[in-house]
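Asker: To start, I am sharing the structure in question, which I have written as structure tokens.
The values are calculated or read from the model by the stated rules, or taken from the named source; none is laboratory data. What you see is a predicted model, and the numbers here were worked out from it, not measured in a lab. Backbone-built Cβ (ideal geometry, glycine too); neighbour counts: all protein chains shown. For the accessible areas, the whole protein counts, side chains as well, though only heavy atoms, and no ligand, DNA or RNA atoms are used. Shrake-Rupley method; radii C 1.70, N 1.55, O 1.52, S 1.80 Å.
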Amino acid sequence: MPAPLILLHGWACSSAYWKPLVREIEQARRTALAVDLPGYGPDSAREPAAGDPARDGNGPGWTVENVAARLAEELAATGPAHWIGHSLGGSIAATVAARHPELAVSVTLVGMVPLPPSAATETRLRRLFGGPGPAGPEAAEEMVAAWFRGGPEPSGADRETFLDPFRLPAAVLRQSMLAGITGAAAEVPDLIAAPTLILTGSRDATRTPDVIAEFVSRHPRWRHVQIPGAGHMVHWEQPAACAAALLAHTAD
């Protein structure tokens, strides 16, 4: 049986936004497992408890390393898998592959390379979500507009898929945002032995095209596929094109 595809979502998102891509994957008779990161998911309307990685100021803290270690432990029974992460989830997927190579058949980084986001992206995040209290609905709307960056934005129930995670506890959003800004440790890319695909949209400004090109030039074994006309939510905007690239990359 082919190894499953484990999907890790990005900051201020949830596993629900993988649904268009999961449909494409399952139509190809592959198994996809979309995971909610700590503090996210259907039971996350509560404030995190002491010791939870999502809690601000208690326990080990919400960091890429801590969450990668937790997921590696929780999903070890799944066996070797294809780890696919979008944005913050990409930093976590890369870290799992680097620290636990026995669990990674391949890695796919969606909408990112394992480097800090652009200065403009970091400035926007800190301005909107860096304070101690919850951000207002205008902040969520600004982020959704930036993610789709001039392309068609979701409407109706689909739009709620992107707005709902912004209603999570402020501590979860703030700590996971800081984890996303910090990203994977500097040594992580060079420790990944599994075949690695970078999948980005041509309109995505989270990491600029020149930064991505320079990173790829330093990692010639990694493959980069750019999807024309898509923004940061490339897997939502162009699920068929993303699935084709993923299925080719993860063919056993």
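Asker: Working only with C-alpha atoms, what are the Rg and Dmax values of the chain, expressed in angstrom?
Answerer: Cα-based Rg and Dmax for the chain come out at 16.7, 47 Å.
Asker: For segment 186-252 and segment 70-143, what is the separation of their Cα centres, given in Å?
Answerer: 14
Asker: Give me the percent of accessible area attributable to carbon and sulfur for the chain, probe 1.4 angstrom.
Answerer: Details: 5830 of 10620 Å².
In the chain, the share of accessible area belonging to carbon and sulfur is 55 percent.
Asker: Provide the per residue accessible area, probe 1.4 Å, for segment 54-135, rounded to a whole number of square angstrom. Write down the numbers at each step before the final one.
Answerer: On the way: 3100 Å² over 82 residues.
On a per-residue basis, 38 Å².
Asker: Right, next: For segment 139-252, give the magnitude of the charge dipole about the Cα centre (Cβ charges: +1 Lys/Arg, -1 Asp/Glu; no others), in debye to the nearest 20. Working shown, then result.
Answerer: On the way: 9 positive and 13 negative charges, 37 e Å.
Around 180 debye, computed over segment 139-252.
Asker: Then there is this: Is the C-alpha gyration tensor of segment 195-234 telling us rounded, prolate or oblate? Criteria: a/c under 1.5 is rounded; beyond that, a/b larger than b/c is prolate, otherwise oblate.
Answerer: It is oblate, given that a/c is not under 1.5 and a/b is not larger than b/c.
Asker: Cut-off 10 angstrom, C-alpha nodes, Gaussian network model of the chain. Which of Gly85, Gly61, Gly180 fluctuates the most?
Answerer: Answer for the Gaussian network model of the chain: Gly61.
Asker: Dipole of segment 97-162, Cα-centred, from +1 at each Lys and Arg C-beta and -1 at each Asp and Glu C-beta, to the nearest 20 debye? Please report the intermediate quantities before stating the final value.
Answerer: On the way: 6 positive and 8 negative charges, 56 e Å.
About 260 debye.
Asker: Among Pro195, Pro220, Pro80, which one shows the highest mean-square fluctuation when the chain is modelled as a Gaussian network with alpha-carbon springs under 10 Å?
Answerer: Pro220
Asker: With a 1.4 Å probe and every protein chain left in place, work out the accessible area per residue of segment 170-252 in Å², rounded to a whole number. Let's see the in-between values first.
Answerer: Working: 3310 Å² over 83 residues.
Here the residues of segment 170-252 average 40 Å² of exposed surface.
Asker: Here is a follow-up. Looking at segment 152-227, which trypsin sites (Lys or Arg not before Pro) are DSSP coil and have at most 11 other C-beta atoms within 10 Å of their C-beta? Can you show the working numbers first?
Answerer: Details: sites: Arg159, Arg167, Arg174, Arg203, Arg207, Arg218, Arg221, Arg223; in loops: Arg203, Arg207, Arg221.
Answer by residue number: Arg221.
Asker: Need one word for segment 143-252: rounded, prolate or oblate. Basis is the Cα gyration tensor (sqrt eigenvalues a ≥ b ≥ c); a/c below 1.5 gives rounded, then a/b vs b/c decides.
Answerer: Working: a/c = 1.83, a/b = 1.29, b/c = 1.41.
Oblate is the answer for segment 143-252, as a/c is 1.5 or above yet b/c matches or exceeds a/b.
Asker: Keeping all protein chains in the complex and leaving out DNA, RNA and ligands, what accessible area do you get for Phe148 with a 1.4 Å probe, in Å² to the nearest 10?
Answerer: 0
Asker: Test of understanding: in a Gaussian network model of the chain with alpha carbons linked when under 10 Å, which of Trp11, Trp147, Trp83 would top the mean-square fluctuation ranking?
Answerer: Looking only at Trp11, Trp147, Trp83, the biggest GNM fluctuation is shown by Trp147.
Asker: Using only DSSP helix segments of four residues or longer, with each worth -39500 (n - 2.57), what per-residue ellipticity at 222 nm results for the chain after dividing by its residue count and rounding to 500?
Answerer: Values: 11 runs with 105 residues, N = 252.
-12000 deg cm²/dmol, from helical runs alone.
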